[in-house]
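A short worksheet on the structure shown next.
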Amino acid sequence: MKVSWRDEMKCQVSTSFSTIDLTDSCDIPETPQSSYGSPLDLPETPIRKTVFLVRHGEALHNIAEKSALQEALATLANRDFPNEDVKREALEIARRSVLTDEGLKDAPLSAKGHEQAGITATTMSKIVDEDADLKAPEAVFVSPLQRALQTAALMFPKHNEVHVCDLLRERCTGFPCDERSEVPSLQSRKSFCHMSFDQVMQDDDDDNAVCNVEQEVELEPPIFRRFHTWPLIEEKFMLRKRTAGLGKLLQGTDADSVCIVTHKGFLRELERGPLGQPQASEFSNCEVRVY
């Protein structure tokens, strides 16, 4: 497990989410995620908290992606490409091709992912015990996708302040792996029974609701698409706008130390956008960064 500190003071950085300027973003329909993130609703005084950012452990679709990339690299090894961009595009096509598998819907952790989460929990506890200035997370916020829930359940099995938030889910890609399971199914799982699902949008099978969403979404296709559990496909600029909602989420909790368990895409756009780290590398599975 990799743990890194994102500022000179090691565990804390003062960040005012209220100063994020999203006015240059494209006009898009407001979704439950982006409604978290209106900078106008936040106080001007910076909020100061310790925030542990955690990516979920390895999931089954991550294995499929890695396998597809390895096969593609072997196949393309002796092929000449006009430039690296063309080669990267070919690899990306190979990676994405395996993600259409319906068997990967709301992909769970792999055996290695379970192991990673356990190691991360142990290492985080050790770090907190050894650093007098660092507090263990008093509140945990987690994406509703299964791989993130399983990671949080393994890291915080008896924590009484674990909140499941739609805000933190992965970018809506249209792939089965990024479509969450229905709320009642998740709530019935023994390992998730201590989690609060109050901040998760309930499933809506109402045909009228589908029509309303489609009427509202008339921007350039294929950016938007209706799914059973979510109304949109998000482009990266839309996801970055959603990540700004973390400021409102943090402002709404009394906890001074918070853990966020989420996904590579969300964390990438959060760091490179609202957190002002444009060169930030992508998170590895179960990597932890502390702000």
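The values are calculated or read from the model by the stated rules, or taken from the named source; none is laboratory data. It should be emphasised that the depicted structure is a prediction, and the values quoted were computed from it without experimental measurement. FYI the Cβ positions are ideal-geometry reconstructions off the backbone, even for glycines, and counts take in every protein chain you see. Each accessible area value is taken on the protein alone, full model and side chains, heavy atoms only, with ligands, DNA and RNA left out. Shrake-Rupley method; radii C 1.70, N 1.55, O 1.52, S 1.80 Å.
Taking the listed residues LEU154, LEU149, the one that is open to solvent by 10 Å² or more (accessible area, probe 1.4 Å) and either β-branched (Val, Ile, Thr) or within 21 Å of the chain's Cα centre (by Cα) (or both) is LEU154, with no other qualifying.
Being at pLDDT 90 or above and loosely packed, with under 14 Cβ neighbours inside 10 Å: is that true of ASN160 here? Taking the combined requirement at face value, the residue satisfies it.
Note on the range 63-107: residues that are open to solvent by 60 Å² or more (accessible area, probe 1.4 Å), part of a helix (DSSP H, G or I) and under 16 Å from CYS177 (Cα atoms) total 7. Exactly one residue out of ASP166, ASP178 is under 21 Å from ALA59 (Cα atoms), in contact with a strand residue (DSSP E or B) (Cβ under 7 Å, 6 or more places away or on another chain) and of a type outside the set (A, V, I, L, M): that is ASP166. Here is the figure for the range 263-287: residues that are within 20 Å of LYS135 (Cα to Cα) and either β-branched (Val, Ile, Thr) or surrounded by fewer than 23 Cβ atoms within 10 Å (Cβ to Cβ) (or both) total 1. Residues in the range 90-128 that are among the basic types (Lys, Arg) and at pLDDT below 90: ARG95, ARG96. Of all residues assigned to the range 110-124, none qualifies as being part of a loop (DSSP other than H, G, I, E, B), out of contact with any helix residue (DSSP H, G or I) (no Cβ under 6 Å at 6 or more places or on another chain), open to solvent by less than 30 Å² (accessible area, probe 1.4 Å) and on the phi < 0 side of the Ramachandran plot. Sub-6 Å Cβ pairs linking a first residue in the range 101-129 that is farther than 10 Å from GLU58 by Cβ to a second residue that is surrounded by fewer than 16 Cβ atoms within 10 Å (Cβ to Cβ), at least 6 apart or interchain, are VAL128/ALA136, ordered by first then second residue. I need every pair where a residue in the range 186-207 that is part of a loop (DSSP other than H, G, I, E, B) has its Cβ under 6 Å from the Cβ of a residue that is surrounded by 17 or more Cβ atoms within 10 Å (Cβ to Cβ) and modelled with pLDDT of 90 or more, sequence separation at least 6 or different chains. If the second residue must be surrounded by 17 or more Cβ atoms within 10 Å (Cβ to Cβ) and modelled with pLDDT of 90 or more, the pairs left are VAL200/PRO144; VAL200/VAL164; VAL200/ASP166; MET201/ASP166.
When we screen ASP203, ASP166 for residues that are of a type in the set (D, E, K, R), open to solvent by less than 80 Å² (accessible area, probe 1.4 Å), in contact with a Pro (Cβ under 9 Å, 6 or more places away or on another chain) and at pLDDT below 90, the only hit is ASP203.
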